[in-house]
Amino acid sequence: MVCPGTENKLSTLSDLDLQYRTLKKLYENCEVVMGNLEITSIDRNRNLSFLKLSTTLANVSLSTLTLRGHAAYHLELDVEEEEEPQKRTPKNEREATRKVLNGGVYVDQNKFLCHADTIHWRDIIKNPQAELLVVPSNNSNLGCRRCHRSCNGRCWGHQEDQCQTLTKTVCAEQCDGRCFGPYVSDCCHRECAGGCAGPKDTDCFACTNFNDSGACVTQCPQPFVYNPTSFQLEHNPRAKYTYGAFCVKKCPHNFVVDHSSCVRACPSNKMEVEENRIKMCMPCTDICPKVCDGIGTGSLQAAQTVDASNIDNFVNCTKINGNLIFLITGIKGDMYHGIGPMDPEHLNAFRTVKEITGYLNIQSWPENMTDLSVFSSLSTIGGRSLYRGCHGAQTQT
């Protein structure tokens, strides 16, 4: 099961019970997270058995992840300020963290964390120039046990089956990437990420590029293939769409097809149409319907709310690519940034909006406007991104 990730960073809901229920709703039975997996403000007594990664928070293990780091804060694996002693125990070595594909590793202020310094991080990090900072903890008096003698000093935990298996620094020179042994015949397939159980593209623990039904491939099967006999392009019956790091037969319902990929929104020179119940991006025959960036997207990437400084961006828009967010600093003004209060008349700019691809979040509204009639043309809230992962529309005034 594939689930969307979040970008809440360290912000949390005021109700910690709701924070936990939201996390459970997002990731119950989830095996793959498209984006960031953020677990914040969850106390150690909470049951996280709904996560495929582990059984409880005490067992959420760094050693169970393959990290791609397409969008990282600064580093890809960042572990800070562990407050309670935790036993990090992968079920077996095959489940261990095999590779950090982008970015580096930062581990600090974890006085109760054992074995962070017994891991050969350079064997895991793909980029040899990536930043690596693991600050040793004085944990000798906290019950941390040494690696088992069979591990040669490299382990995720103290038990015999928790040795770290090296898949990069021990390879023969002829290997392109990873290996499952020291000999030339032990090289992994070049599409493998994080090691393998054998030499084939189906033996990989994870894929560098794309996973096509268990096989690691450079690209997903394309919609057309060249016939060298007829010198023509022909439809490929095995064609699949690219969705993140996977090849899929069809895109998720809240994505659209552009060429052979699943995308959140069509580019500016195309419009979204539906053919045979499939939403696709097609070139506009004339002038495209006006698609405008939402809050936090494109030209409004740095914006946090609709306000007097950006309201003109929404004039004559028929579709909002992203989200519309109305905060008190947008309605009543933001003195710190020199932005005045919103003229309620300017909100009529939204009367032409028919679709919002993300979510609508109204936390503040002009006191003299008692309804939402400015959205009378709005017919679709796509929910391609969700507020706190759960809501396509929310009002809170």
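For the list (1) surrounded by 19 or more Cβ atoms within 10 Å (Cβ to Cβ); (2) among the hydroxyl-bearing types (Ser, Thr, Tyr); (3) closer than 30 Å to Glu191 by Cβ, I need the number of the one condition that Thr297 fails.
(3)
How about region 297-322: which of its residues are farther than 20 Å from Met271 by Cβ and touching a Leu at 6+ places or on another chain (Cβ under 7 Å)? Break it down stepwise before answering.
Going residue by residue through region 297-322, those that are farther than 20 Å from Met271 by Cβ are 300-312.
Gln304, Thr305, Val306, Asn310 - these are the residues of region 297-322 that are farther than 20 Å from Met271 by Cβ and touching a Leu at 6+ places or on another chain (Cβ under 7 Å).
May I ask you to say which residue of Thr218, Thr229 is surrounded by fewer than 16 Cβ atoms within 10 Å (Cβ to Cβ), on the phi < 0 side of the Ramachandran plot, out of contact with any His (no Cβ under 8 Å at 6 or more places or on another chain) and not assigned by TED's automatic domain parsing to the domain that holds Ser260? If you could, list the steps in order and put the result at the bottom.
Details: Thr229 fails: not assigned by TED's automatic domain parsing to the domain that holds Ser260.
Thr218 is the lone residue from the list that is surrounded by fewer than 16 Cβ atoms within 10 Å (Cβ to Cβ), on the phi < 0 side of the Ramachandran plot, out of contact with any His (no Cβ under 8 Å at 6 or more places or on another chain) and not assigned by TED's automatic domain parsing to the domain that holds Ser260.
What number of residues within region 275-302 satisfy the criterion of being farther than 15 Å from Glu355 by Cα and assigned to a strand (DSSP E or B)?
Residues that pass the stated criteria total 6.
Consider region 109-119. How many of its residues are in contact (Cβ under 8 Å) with a residue 24 or more places away in the chain, surrounded by fewer than 16 Cβ atoms within 10 Å (Cβ to Cβ) and not polar (S, T, N, Q)?
Adding up the residues that qualify gives 2.
Here is a check on your reading of the model: is Ala308 over 22 Å from the mean Cα position of the chain (by Cα) and in a loop (DSSP other than H, G, I, E, B)?
Working: over 22 Å from the mean Cα position of the chain (by Cα): yes; in a loop (DSSP other than H, G, I, E, B): yes.
Spelling it out, Ala308 is indeed over 22 Å from the mean Cα position of the chain (by Cα) and in a loop (DSSP other than H, G, I, E, B).
Name the residue that is surrounded by the fewest Cβ atoms within 10 Å (Cβ to Cβ), counting only residues in region 249-271 that are in contact (Cβ under 8 Å) with a residue 24 or more places away in the chain and in a strand (DSSP E or B).
Val257
Across region 300-340, what is the number of residues that are under 16 Å from Leu378 (Cβ atoms) and buried (at least 16 other Cβ atoms within 10 Å of the Cβ)?
Final tally of qualifying residues: 11.
For region 286-309, give me each residue that is touching a residue at least 12 places away in the same chain (Cβ under 8 Å) and under 21 Å from Pro344 (Cβ atoms).
Going through region 286-309, the residues touching a residue at least 12 places away in the same chain (Cβ under 8 Å) turn out to be 288-300, 304-309.
If the condition is that a residue be touching a residue at least 12 places away in the same chain (Cβ under 8 Å) and under 21 Å from Pro344 (Cβ atoms), then Cys292, Gly294, Ile295, Leu300, Gln304, Thr305, Val306, Asp307, Ala308, Ser309 are the ones that fit.
Quick check, is Glu7 at pLDDT below 50 and surrounded by fewer than 17 Cβ atoms within 10 Å (Cβ to Cβ)? Working first, answer last.
Values: at pLDDT below 50: no; surrounded by fewer than 17 Cβ atoms within 10 Å (Cβ to Cβ): yes.
No; evaluated as a whole, the condition is false for this residue.
So, in region 12-40, how many residues would count as being at positive phi and at pLDDT 75 or above? Can you show your working first?
In the first step, residues of region 12-40 are kept if they are at positive phi; the result is 29, 35.
Next, from what is left, pick out any that are at pLDDT 75 or above: 29.
Residues that pass the stated criteria total 1.
If you take the residues in region 366-392 that are surrounded by 16 or more Cβ atoms within 10 Å (Cβ to Cβ) and outside any loop (DSSP other than H, G, I, E, B), which one is modelled with the lowest pLDDT? It would help to see each step written out before you state the result.
Within region 366-392, the first condition is being surrounded by 16 or more Cβ atoms within 10 Å (Cβ to Cβ), and the residues that meet it are 366, 374-375, 378, 381-389, 392.
When the remaining residues are screened for being outside any loop (DSSP other than H, G, I, E, B), the result is 374-375, 381, 387.
Values: Val374: 96, Phe375: 96, Ile381: 92, Tyr387: 66.
Here the residue is Tyr387.
What's the number of the condition Arg238 fails, among (1) at pLDDT 90 or above; (2) not in a loop (DSSP other than H, G, I, E, B)?
For Arg238, the exception is condition (2).
Applying the selection to region 155-178, what residues are modelled with pLDDT of 90 or more, out of contact with any helix residue (DSSP H, G or I) (no Cβ under 7 Å at 6 or more places or on another chain) and over 19 Å from His115 (Cβ atoms)?
Val170, Cys171, Glu173, Cys175, Arg178
The values are calculated or read from the model by the stated rules, or taken from the named source; none is laboratory data. These numbers were taken from a predicted model, which means no experiment stands behind them. Here the Cβ is made from the backbone with ideal geometry for all residues, glycine too, and neighbour counts use every protein chain on show.
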